[in-house]
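Down below is the structure, laid out as structure tokens.
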There are 2 protein chains.
Amino acid sequence: MGFNQPQQLFDTVIIRLGGEIGIKAAWTRKLYERRLISNVKAVLKHYAILYESLNRRFGRLYLKTSQTQSTAPKLAKVFGISSVSPALETTSKLSDILDKSVQTAGSTFKKGSSFAVRCRRVGRHAYTSQDVCREVGRQLLNAYSERKLRVNLKNPDVTLSIEVREEKAYIFTDVIKGVGGLPLGAQPKVVCLLNGDISSPVACWMVMKRGCPILPLHFEETSFNKESTNRALKAAKTLFEWTIGFPTKVYIVSHSSNLAQIEQNCPKKLKHVLSKRIMYRVAELVAETEHAEGIVTGDSFNEQAEKALHVLSLQDEAAKHFPVHRPLIGLDATEIDDLARKIGTFENSPMQRIKKRKTTPKKSLKIIKLKEVEEAEARLNIDEMVEASLKSLRIKYL
Amino acid sequence: MGFNQPQQLFDTVIIRLGGEIGIKAAWTRKLYERRLISNVKAVLKHYAILYESLNRRFGRLYLKTSQTQSTAPKLAKVFGISSVSPALETTSKLSDILDKSVQTAGSTFKKGSSFAVRCRRVGRHAYTSQDVCREVGRQLLNAYSERKLRVNLKNPDVTLSIEVREEKAYIFTDVIKGVGGLPLGAQPKVVCLLNGDISSPVACWMVMKRGCPILPLHFEETSFNKESTNRALKAAKTLFEWTIGFPTKVYIVSHSSNLAQIEQNCPKKLKHVLSKRIMYRVAELVAETEHAEGIVTGDSFNEQAEKALHVLSLQDEAAKHFPVHRPLIGLDATEIDDLARKIGTFENSPMQRIKKRKTTPKKSLKIIKLKEVEEAEARLNIDEMVEASLKSLRIKYL
């Protein structure tokens with residue numbers, strides 16, 4: 001008996017929705033499901049995946065397509081999906097289930113494998129789930145006696161799952177974990193400060209996962225050295241692989257003249273705070289124009305002076321109209337690195353995290369008072385700087 | 001050959017510091033290490049663990065104690081520790097290493113086990129790490145031939161690890177994962193709004209893990225129904241198991257009269273925002289008095305009207321002097337549940353998360369404008385309410 005390609009065998013992708021969606025009130029759930037379907041369709045269109053139908057039944061989505069193997073991993077990256085399985089659809093007639101189970105095992109069970117059969121049923125049928133498991137198990141052992149299969153219910157090499165749903169049944173062996181979260185667009189847009197570091201793209205992704213479409217805002221520090229900008233754009237490109245169907249634009253603002261003015265007129269220890277305060281002011285104006293509802297940054301707690309708590313407070317003070325969200329505030333550096341690897345932005349980040357930390361000044365934590373900041377800002381023409389920054393704003397479509 | 005209790009065999013706990021500590025600049029690292037040592041000592045004292053010495057060598061801590069098995073899991077809960085191993089100390093003489101390895105395997109290797117020997121060396125010795133592995137492996141097979149041990153370097157049932165450190169050597173079989181993060185006290189204190197739900201204790205723990213000691217602040221909603229207060233206190237008690245050596249007090253404020261006044265004078269849809277704004281104002285005053293540097297809440301993004309982004313912004317607007325941190329903002333409900341289980345506060349939480357969600361009003365998301373909030377607050381005597389709340393403040397020592 002030859003091995004078929006599962007690609008040709010399977011004809012359906014079962015798409016399971018995140019548990020959080022199922023427990024919402026009816027009205028919210030419907031909204032979220034509709035949003036998720038539209039995001040899934042955008043992915044199918046983007047990758048030119050041919051499909052026959054996409055139906056919502058029993059709290060799941062069923063995608064009829066012959067390209068199940070290539071489609072499933074792409075759908076696993078859609079926020080709001082908890083898992084996907086390439087599957088073979090058949091009727092709920094026991095003889096059909098047996099036939100298709102034998103067929104599925106034929107192309108997926110390797111010689112010497114231990115296996116289990118699991119069955120779940122929704123609807124009224126002439127058989128129980130147990131009947132199905134027993135009969136399928138028996139037939140598999142008969143049909144593939146030359147493969148020396150063994151039954152192992154506790155810790156099998158491979159599991160053949162059968163889901164009977166009223167007049168239909170689905171047979172599959174793989175459950176690919178999805179990214180989870182809420183469907184993108186379920187929450188309002190947010191403006192995300194994006195630079196070329198490890199953290200800020202992770203912060204973007206964390207709020208995307210909670211349903212917020214992002215408007216990445218990058219501040220270009222010099223007009224000569226484009227390395228940080230290039231890294232930010234590359235990170236944005238990777239992030240947009242998770243937001244298919246949504247705009248892929250990055251807002252870029254020139255920050256070099258702001259920095260120069262700060263350097264000329266203000267004490268060195270205030271440079272970072274003053275720079276961040278201008279960024280927040282610009283971010284608020286972008287948020288207002290674009291009807292976004294918050295500002296997101298990649299800050300986390302660590303010893304670096306510019307991220308110390310009292311400095312964050314001085315920064316927040318400049319954002320008068322929108323909340324500043326720091327989704328990484330409770331994460332370890334190693335957790336942030338792991339997320340960056342999962343997202344795909346780690347390779348792209350500057351690899352000198354360790355080096356950089358080691359070369360920070362030995363006693364950099366200086367206490368800064370709001371009064372000092374306000375005095376320094378009085379020496380600058382903040383309104384003009386913010387206006388000039390906004391004028392320099394360009395939108396790059398990726 | 002009889003099995004000794006490893007408890008009696010081992011005489012040292014190897015304490016490995018989180019990777020984040022090692023990469024800090026020298027000055028910060030020293031500060032963090034000192035803080036960690038003092039936190040470890042507090043745990044030893046709290047649990048009345050007898051020990052001979054606690055030394056820092058080669059970027060690790062070595063605790064000499066006969067109570068290794070009971071001590072190790074307690075130290076694994078200390079923030080800043082990445083892992084611990086009960087170990088047997090000996091000299092770096094090869095004959096000693098061989099003897100003690102045979103002794104360790106004697107009380108830890110079960111019949112039929114596959115095993116591997118690993119060795120790492122720091123310092124100059126007459127042998128290589130490979131020599132040690134080879135010779136130890138040979139001797140174990142000889143000494144315990146009746147146990148039918150097998151060597152398996154790839155995927156062994158048990159690993160005997162040998163760390164040679166200059167004139168000493170440590171032999172161990174277990175590596176217990178620690179909680180990681182930064183040592184508590186490495187960052188400033190924060191005021192944490194703590195109620196009886198699942199999320200707020202998790203938010204507390206996330207910032208604790210980043211080094212911030214917490215000041216839990218609980219708002220009592222009614223003076224009759226103490227259930228929520230009891231749950232908050234129980235959660236605080238569990239949290240304090242992670243903060244041994246730090247104060248175990250909870251700040252409790254009566255909020256019922258505030259709620260009554262809001263209900264009497266303001267539109268219903270503003271109730272939550274107005275209530276939260278008073279909480280933030282009180283929290284700011286507590287933070288100021290206690291020299292804390294931020295406010296922490298358990299908010300995360302989801303559809304619930306009172307946590308919608310624009311509402312968070314209206315809440316933040318009331319906190320004028322301190323940043324509001326929401327460490328759960330990027331987490332899924334399931335991730336928050338998993339963390340609560342790990343922390344030990346899950347069982348204590350109201351178990352109606354699902355039920356509660358299902359019964360939220362169907363269309364609860366109402367847009368609220370800052371102007372409405374300000375108008376409503378003008379009808380209240382906010383300053384007086386905040387002052388009365390502060391007067392009602394009592395501190396409970398757990």
Tell me the label-point distance for the pair A:Lys110, A:Ala42, using the 7 Å Cα-to-Cβ offset, in nm and rounded to one decimal. 3.8
Please work out the ratio of the alpha-carbon Rg of the stretch B:244-314 to 2.2 N^0.38 Å and round it to two decimals. 1.30
Return the percentage of antiparallel bridges among DSSP beta bridges fully within the stretch B:190-397, rounded to the nearest 5 %. 25
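For Cα pairs less than 8 Å apart in space and 6+ apart in sequence, what is the mean separation divided by the residue count of the stretch A:190-397, i.e. the relative contact order in percent?
31
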Please report the antiparallel percentage of the DSSP beta bridges confined to the stretch B:158-245, to the nearest 5. 55
Simple label model, 7 Å out from Cα along Cβ direction - A:Gln103 to B:Glu347, nm: 5.0
What ranking of B:Ile336, A:Ile176, A:Ile262 emerges when the number of other C-beta atoms within 10 Å of each C-beta is taken as an exposure proxy, fewest first? A:Ile176, B:Ile336, A:Ile262
Ranking request for peptides A:23-34, A:322-333: highest mean number of other beta-carbon atoms within 10 Å first, then the rest in descending order. A:322-333, A:23-34
Which listed residue (A:Val207, A:Leu217, A:Leu233) has the Cα farthest towards the positive end of the charge dipole for the stretch A:203-244, taking +1 on Lys and Arg C-beta and -1 on Asp and Glu C-beta about the Cα centre? A:Val207
When Rg is the radius of gyration of the Cα atoms in the stretch B:188-299 and Rh is its Kirkwood radius, what does Rg/Rh come to? 0.98
Once the principal axes of the Cα atoms of the protein assembly as shown are found, what is the range along each, listed largest first in whole angstroms? 80, 72, 66
Which distances, in nm and shortest first, link the B:His321 label point to the same label point in every other copy, taking 7 Å along Cα→Cβ? 2.7
If each residue of separation counts as 0.36 nm, what is the full-extension length gain between B:Arg16 and B:Glu384 once their alpha-carbon separation is subtracted? 127.3 nm
What gaps in nm, shortest first, separate A:Glu288 from its twins in the other copies when you place the label 7 Å past Cα toward the beta carbon? 2.8
Applying the gyration tensor rule to the Cα atoms of the stretch A:178-246 (axes a ≥ b ≥ c; rounded if a/c under 1.5, else prolate if a/b exceeds b/c, else oblate), the class is prolate
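Can you tell me the alpha carbon radius of gyration of the stretch A:285-347 divided by the globular rule-of-thumb value 2.2 N^0.38 Å?
1.30
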Would you calculate the separation in nanometres between label points at B:Ile23 and B:His291, each defined as 7 Å from the Cα along the Cα-to-beta-carbon direction? 3.1
With charges set only on the Cβ (+1 for Lys and Arg, -1 for Asp and Glu), what does the dipole of chain A come to about its Cα centre, in debye to the nearest 20? 960
Zero-based 5 Å bins, Cα pair distances in the stretch B:190-397, whole percents: 1, 7, 15, 20, 22, 18, 11, 5, 1, 0
Using every Cα-Cα pair within chain B, state what percent have a distance larger than 41 Å. 32
What share of the DSSP beta bridges in chain B is antiparallel, in percent to the nearest 5? 60
To the nearest 20 debye, what is the magnitude of the charge dipole of the stretch B:6-177 about its Cα centre, counting +1 on the Cβ of each Lys and Arg and -1 on the Cβ of each Asp and Glu? 560
Along the dipole axis of the protein assembly as shown (charges at Cβ: +1 for Lys and Arg, -1 for Asp and Glu; origin at the Cα centre), the most positive-end residue among B:Ala186, A:Leu393, B:Thr71 is B:Thr71
Between the label point of A:Asp157 and that of the same position in each other copy, find the distances and list them shortest first in nm, with every label point placed 7 Å from Cα along the Cα-to-C-beta direction. 2.2
For the stretch B:122-189 and the stretch A:151-190, what is the centre-to-centre distance using only Cα atoms, to the nearest Å? 40
Residue farthest toward the positive end of the dipole of the stretch B:6-177, with Cβ of Lys/Arg at +1 and Asp/Glu at -1: which of B:Leu88, B:Phe172, B:Gly22? B:Gly22
Compute for the stretch B:1-90: radius of gyration divided by Kirkwood radius, i.e. Rg/Rh, restricted to C-alpha atoms, rounded to two decimals. 1.00
Reduced to Cα centres, the span from the stretch A:277-345 to the stretch A:13-92 in Å works out to 32
Over the stretch B:6-177, equivalent-ellipsoid semi-axes from the Cα gyration tensor in Å: 29, 18, 14
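Just so you know, all these numbers are worked out from the coordinates, no wet-lab data involved. No experiment lies behind these values; they were computed from the predicted model shown. Note that we place each Cβ from the backbone using ideal geometry, even for glycine, and neighbour counts take in every protein chain shown.
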